[in-house]
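Structure, as structure tokens:
The values are calculated or read from the model by the stated rules, or taken from the named source; none is laboratory data. As the structure is a computational prediction, the values presented were derived from the model and not from experiment. Neighbour counts are summed over all protein chains in view; Cβ atoms, including those assigned to glycine, are modelled from backbone coordinates with ideal geometry. For accessibility, only protein heavy atoms count, side chains too; no ligands or nucleic acids. Shrake-Rupley method; radii C 1.70, N 1.55, O 1.52, S 1.80 Å.
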Amino acid sequence: MKKAQFNSRWMPYALLMPQMAIIGIFFLWPAAEAIRSSFYLEDPFFGTGTFVGFENYSNVLTDPNYRRSAVFTAAFTLTVVFVSLGLGLLFAVSADRVLRGQQTYKTLLMWVYAIAPPVAGLIGVMLFDQHIGPLTDAAAAIGWNLQIGVDYWDTAVAITVVSAWKQIPYNFIFFLSALQSIPSSVKEAAAIDCRSETRRFWTVTFPLLAPMTFFLMILNTTYALFETFGTVDLMVQDQPGNSPVTLVYKVYRDGFRGNDLGGSAAQSVILMVLVLVLTIAQFRLIERRVHYS
Amino acid sequence: MLRNTILAATGAAMTAFAAHAEPVEITWWHAMGGQLGETVNEIAKGFNESQDAYQITPVYKGGYEDTLTATIAAFRAGEQPNVVQVFDAGAATIIGAKGAVVPAEDLIQEAGVAFDANDYIDGVRYFYADSDGKMIGMPFNSSTPILYYNVEALEAAGVEPPKTWEEFEAIAPQIKEAGYTPLAQSHLPWIFTENFMSRHNIPFATNANGFEGVAGTEILPETAAIEAHFDKLAAWNEAGLFGFYGAAWGANQTPFENGEVAMWLGSSGSFGGLRNAVDFPFSATYLPYWEGVTESPTNTFIGGAALFAMAGHPEEENTATAEFFKYLSSPDVQLMWHQQTGYVPITKAAYEKAQEIGYYDEVPQAEVGIQQLSLPGGAWSKGYRMGFYVQIRDVMNREYAQVINGEKSAAEAFEVIKAEGNKLLDRFAKTMN
């Protein structure tokens with residue numbers, strides 16, 4: 001068999017260049033810049049400042065408020081991932097079973113995904129508004145004085161609900177397509193072997209969905225950690241006050257609002273390491289249990 | 001010789017011709033959205049039409065923080081605008097960056113435009129000045145916290161608007177009985193901290209409230225009065241005499257507009273918007289003070305923002321900026337701005353003009369802010385200058401919410417604010433090398 005070969009040994013590198021350039025300019029260079037500035041306290045206008053070593057890091061890591069944000073972010077991410085994955089799967093299984101009007105159900109469940117995150121945040125703000133929010137009124141009816149922006153836990157609930165709601169359709173689309181790609185021969189064989197539908201789901205269908213679930217879990221974690229920024233910003237109405245905020249929002253707040261470039265860079269580097277560790281852990285621990293074929 | 005003269009004359013004629021044909025263009029980044037943005041455009045249009053040598057283009061850059069961040073990014077890329085609007089809490093950042101801005105006073109004098117700092121109202125002129133009193137920023141939208149009250153609500157309760165917090169305590173239960181939440185406010189750090197200190201003439205920070213330098217500045221050296229105030233707020237909140245709706249401005253203003261809250265502490269600049277939003281008669285009075293703390297309350301200082309001339313532009317553009325500042329401070333423009341927005345006029349001439357045309361006979365509420373700014377001042381009522389102040393305000397908002405919700409005492413909260421605030425100030429000092 002004849003091997004396809006390049007005439008020049010530099011050709012492969014030349015073809016790789018555009019991609020490498022993009023990675024270099026948009027990922028590696030900013031990351032290196034973040035690491036560099038995390039060791040300085042800089043004047044934002046001139047970029048001149050004092051080298052402070054690890055002071056920015058020790059400052060962040062000993063700050064009880066940073067720890068509070070970190071705890072919230074962890075709890076928030078776990079809740080958003082499990083709630084949106086769970087409900088996405090539930091709706092997908094239900095829609096998969098519906099025979100008549102399936103298209104309508106699907107469209108209805110999917111269209112939330114067409115909403116841009118800031119708009120979702122805005123809708124969330126209105127639903128939970130202290131003065132006109134229907135959800136606030138509903139909570140009042142059961143004796144819950146829900147006040148976002150005032151009570152820490154109320155705000156946490158509202159941010160979590162809106163963020164999870166936004167992600168359900170995304171998971172729904174992927175789960176539905178995964179469900180539909182399960183061969184009917186497998187389902188029929190399972191139906192002959194076992195009468196219980198629930199049991200069939202957990203022993204046959206769910207393991208077949210595992211690769212998809214794993215993929216979605218990584219994407220949902222990234223979503224909850226980073227992409228909920230717009231939602232958080234809108235829900236706290238630009239004034240975090242005593243409200244819970246995610247770590248990414250804190251990076252933005254300190255760096256872009258407060259012009260503390262060094263402190264913000266140190267927080268970014270910590271997040272970078274966190275994501276790295278998380279991704280490695282997910283691949284090492286969970287992927288072992290996932291079977292792709 | 002003759003040839004030189006001819007050349008020079010031709011050159012001058014060419015310059016004059018060029019100036020006529022192509023005006024010097026300058027840009028102005030601002031943070032005034034909505035209706036305020038319209039008024040900003042109107043001012044720019046007025047300036048452009050008043051002469052043909054200069055042309056200013058206003059650009060809306062989002063909120064105050066967005067505008068400052070955009071300016072910093074542009075400055076580092078060498079593409080900064082000529083004029084930028086920077087808010088009170090960002091003043092230390094932009095003034096502290098030596099060489100980023102041309103002091104307004106120098107700019108105007110170098111352009112040969114007549115300037116007298118005494119033309120400006122006292123409460124206004126010091127806030128954006130350096131420790132020698134030289135004006136660095138040109139005050140633009142200046143406001144100060146005042147007390148708005150729903151006239152019908154106070155009549156229903158049979159009470160007069162309070163001058164002091166002691167009076168408020170006495171009348172609040174009657175207002176509550178009349179079916180209203182007696183009081184709300186929209187900005188705890190601004191109204192109940194910065195201006196609380198100013199009104200009672202208590203030091204807000206060492207080093208003359210931070211004006212004399214960043215190194216070693218410590219925030220809130222005396223907290224007895226303000227601690228007592230916040231303990232009262234928590235008690236009033238518990239008793240239903242004070243409504244707290246979070247750190248966001250609008251969430252606290254809405255219940256006043258809806259007629260649920262009888263008295264609301266907001267900005268004198270809120271007047272224009274309130275007038276359009278409410279359908280009940282309302283009036284305004286001074287920010288109350290504690291008689292137990294002082295018997296001679298001092299003025300409050302301005303909030304809002306100032307215009308800064310960015311460095312790194314050719315001389316002709318700086319001249320254009322100076323001419324614009326002069327136009328902006330002229331009595332007619334100030335009066336128009338004052339009437340349309342509710343922000344206070346920044347010059348004495350504009351204030352006198354508003355009095356002359358009888359504006360305050362018509363809408364006496366519009367005068368409250370400027371009267372309060374013109375009250376006798378004290379050593380500690382000229383303003384403050386602190387870095388990383390946006391974060392310090394965030395710390396205050398967080399701690400105050402916990403005090404008002406009854407989660408901690410004011411004393412505990414101020415311990416945290418002082419510790420975190422001083423740490424931030426210390427860190428800010430290190431960025432200034």
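B:Lys134 fulfils the conditions (1) in contact with a Leu (Cβ under 9 Å, 6 or more places away or on another chain); (2) surrounded by fewer than 20 Cβ atoms within 10 Å (Cβ to Cβ) except for a single criterion, (1).
Based on what the data block shows, is B:Glu169 out of contact with any strand residue (DSSP E or B) (no Cβ under 6 Å at 6 or more places or on another chain), surrounded by fewer than 20 Cβ atoms within 10 Å (Cβ to Cβ) and either not in a helix (DSSP H, G or I) or not acidic (Asp, Glu) (or both)? Give the steps one after another, and end with the answer.
Details: out of contact with any strand residue (DSSP E or B) (no Cβ under 6 Å at 6 or more places or on another chain): yes; surrounded by fewer than 20 Cβ atoms within 10 Å (Cβ to Cβ): yes; either not in a helix (DSSP H, G or I) or not acidic (Asp, Glu) (or both): no.
Criteria not met by B:Glu169.
Quick check: is even one residue across region B:374-393 more than 9 Å from chain A (Cβ to nearest Cβ) and of a type in the set (S, T, N, Q)? Checked against the condition, which is being more than 9 Å from chain A (Cβ to nearest Cβ) and of a type in the set (S, T, N, Q), region B:374-393 yields at least one hit. Of everything listed in (1) open to solvent by 20 Å² or more (accessible area, probe 1.4 Å); (2) among the aliphatic types (A, V, I, L, M); (3) in contact (Cβ under 8 Å) with a residue 12 or more places away in the chain; (4) out of contact with any Asp or Glu (no Cβ under 9 Å at 6 or more places or on another chain), the single unmet condition for B:Leu335 is (1). Specify the residue that is modelled with the lowest pLDDT; the eligible residues are those in region B:237-291 that are under 19 Å from B:Ser142 (Cα atoms) and open to solvent by 40 Å² or more (accessible area, probe 1.4 Å). This residue is B:Gly273.
Scan region B:405-421 and tell me whether some residue there is more than 30 Å from A:Ile148 (Cβ to Cβ), in contact (Cβ under 8 Å) with a residue 60 or more places away in the chain, open to solvent by 10 Å² or more (accessible area, probe 1.4 Å) and out of contact with any Asp or Glu (no Cβ under 7 Å at 6 or more places or on another chain). Break it down into steps so the answer makes sense when it comes.
Step one: filter region B:405-421 for residues more than 30 Å from A:Ile148 (Cβ to Cβ), giving none.
No: zero hits.
Filtered by the rule that a residue be open to solvent by less than 80 Å² (accessible area, probe 1.4 Å) and not in a helix (DSSP H, G or I), region A:239-293 gives A:Gln239, A:Pro240, A:Gly241, A:Asn242, A:Ser243, A:Pro244, A:Val245, A:Thr246, A:Gly258, A:Asn259, A:Asp260, A:Val290.
Within region B:368-393, how many residues turn out to be in a loop (DSSP other than H, G, I, E, B) and either of a type in the set (Phe, Trp, Tyr) or touching a Leu at 6+ places or on another chain (Cβ under 9 Å) (or both)? Spell out how you get there, then give the answer.
Taking region B:368-393 as the starting set, the residues that turn out to be in a loop (DSSP other than H, G, I, E, B) are B:374-388.
With the extra rule that they be either of a type in the set (Phe, Trp, Tyr) or touching a Leu at 6+ places or on another chain (Cβ under 9 Å) (or both), the set shrinks to B:380-381, B:384, B:386-388.
Result for region B:368-393: 6.
Filtering region B:373-398 down to residues that are open to solvent by less than 20 Å² (accessible area, probe 1.4 Å) and hydroxyl-bearing (Ser, Thr, Tyr), which residue is modelled with the lowest pLDDT? Looking at residues that are open to solvent by less than 20 Å² (accessible area, probe 1.4 Å) and hydroxyl-bearing (Ser, Thr, Tyr), I get B:Ser381. Screening region A:39-119 for helices (runs of 4 or more DSSP H) wholly inside it with 3 or more residues that are touching a residue at least 24 places away in the same chain (Cβ under 8 Å) and open to solvent by less than 50 Å² (accessible area, probe 1.4 Å) returns the ranges A:55-61, A:64-97.
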